[in-house]
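The values are calculated or read from the model by the stated rules, or taken from the named source; none is laboratory data. A quick note: this is a predicted structure, and the numbers were derived from the prediction, not measured. Cβ placement follows ideal geometry from the backbone for every residue including glycine, while neighbour counts extend to all protein chains displayed. SASA here: full protein model, heavy atoms, side chains in, ligands and nucleic acids out. Shrake-Rupley method; radii C 1.70, N 1.55, O 1.52, S 1.80 Å.
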Amino acid sequence: MAALLLVLMVAASVAAMDGGRNTGIPPLTVPSAITLGWYDVSTLNTSSIAVLYNNPSQSIDEVRALLDVLHGSKRRAVLEVPRDSVRYVRNSSVALSSWVAALYDHPAVLAWYLWDEPNESTMPNTTLAVAYDTIRRADPLHHNVSLVMSPGYWPQTETYKDCFDVLLCDDYPCVGTNPAPTGGAAFEQLRATVDGCGTVARRLGRPFWFVQQGFGEQLGHRSCTAAEARFSAFSALQAGATGLVGWRVARTTPTWVNNVWQPLALDVAALGATLSNPVDVPDMGSNSSGLRLRAFRAPNLVLWLTAVSNATTALRIRVDTGALPATSVSRVDASGTVINTLPCHAGTFVDTFEPLGVNLYEVLI
């Protein structure tokens, strides 16, 4: 994934980690109001987001000027460090150290982005570990370095465990040859991707952020539908992701961003405190193998249930809340507004799921 510009939203605070050990650095906190949009540094508005920014041709002064704009519009940046300074860090760490030292105290800096899809033939873990340590020494404030891994690179992820604090993984399922909504194999693969990344991240004791497809009309891809984007986001959140990153490029259209990304981002932002508090419920399930269920506890102690279907047609599905002695189930929107209350008998209820549908429920016990 060749990063150009990414937009980051996080559903929960992420603690800086060192080999699975708490560093003592305060948790990484992210603005609570998050909007995705069409970004031009000359026309940034005041919505709170974080931007992952990479332009290796810019000078320190030019990057600081961008950070000033971001700070003025209540944004923070995940800055990708210059790749040559990482590539040659074992010869000299001065370039990387001085670049980080010149920028780390800017209030718009949120975290550092270290490398994209490393492997031993192109970026040995020994080199990346030196770069990681160099950044941490140069920056006593953030100490949060992220690393992108695609599924094909996972076997090597543990090799790089000393090189990152946050693991990012990606999957781009919407291709031009597939009709919308795609459904089927492409989204089964996406679900396997986030499940696998969640497993690796938990084993290493690190948080993970999921990189969603935020582009179309490039390299044979097309823009995701609203249903596809929502399925991708909630599948990742169910798998334990604490952050969502939308990779967008020049061909991403403002209309698509406004109609697809922004509503999704606002929903996830509204659910942030709830999604950060998952609850394990034994024996919860359904009569559909393609329905994934996950319970979360809201700040008001009410239980929420996220239900994500990978079906390509609308289905009526029976849901069993398992060990939850549910007495009342209401389908709700992200703000908690009730859409309809469903009959619930002995902890089971039935509802309709649209293709790639994501349904949210409030469950009273």
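Structure above, values below:
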quantity: Counted residues, the range 291-344 - those being out of contact with any strand residue (DSSP E or B) (no Cβ under 9 Å at 6 or more places or on another chain) and charged (D, E, K, R); calculated: 0
quantity: Condition check for ARG206: basic (Lys, Arg), modelled with pLDDT of 80 or more and surrounded by fewer than 24 Cβ atoms within 10 Å (Cβ to Cβ); calculated: yes
quantity: Condition met for GLU228 (more than 24 Å from THR157 (Cα to Cα), acidic (Asp, Glu) and modelled with pLDDT under 85); calculated: no
quantity: Any hit, the range 69-76, residues being among the charged types (D, E, K, R) and at pLDDT 85 or above; calculated: no
quantity: Hits in the range 351-365 - residues which are among the acidic types (Asp, Glu), touching a residue at least 60 places away in the same chain (Cβ under 8 Å) and surrounded by 16 or more Cβ atoms within 10 Å (Cβ to Cβ); calculated: GLU362
quantity: Segments classed as strands (runs of 3 or more DSSP E), wholly inside the range 231-350, with at least 2 members that are open to solvent by 10 Å² or more (accessible area, probe 1.4 Å); calculated: 243-248, 291-297, 315-320, 328-332, 338-342
quantity: Filter pass, VAL281 being closer than 26 Å to GLN189 by Cα, in contact (Cβ under 8 Å) with a residue 24 or more places away in the chain and within 22 Å of the chain's Cα centre (by Cα); calculated: no
